[in-house]
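The values are calculated or read from the model by the stated rules, or taken from the named source; none is laboratory data. No experiment lies behind these values; they were computed from the predicted model shown. When we count neighbours, we look across all protein chains shown, and the Cβ atoms used for this are built from the backbone with ideal geometry, even at glycine.
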């Protein structure tokens with residue numbers, strides 16, 4: 001009788017452990033990465049914002065001409 005109850009307990013524990021799969025509510029592995037890559041990839045027909053060359057030039061010149069000291073200590 002003891003072995004029978006032990007066997008039934010073990011079977012119920014094993015069945016309970018296999019009953020659920022953690023992560024079933026999560027998207028498939030790698031789906032987030034694929035969505036991010038798709039959002040950052042240009043495809044034919046997509047509109048692209050114009051580049052602001054004058055703004056980029058000002059930023060780069062400021063970066064190149066800055067002094068070695070911290071900003072705002074002039």
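Summary of values
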{"quantity": "Extreme residue, modelled with the lowest pLDDT, among residues of segment 19-36 that are in a helix (DSSP H, G or I) and loosely packed, with under 10 Cβ neighbours inside 10 Å", "calculated": "19"}
{"quantity": "Residue that is out of contact with any helix residue (DSSP H, G or I) (no Cβ under 6 Å at 6 or more places or on another chain) and at pLDDT 80 or above, where the choices are 57, 16, 50", "calculated": "57"}
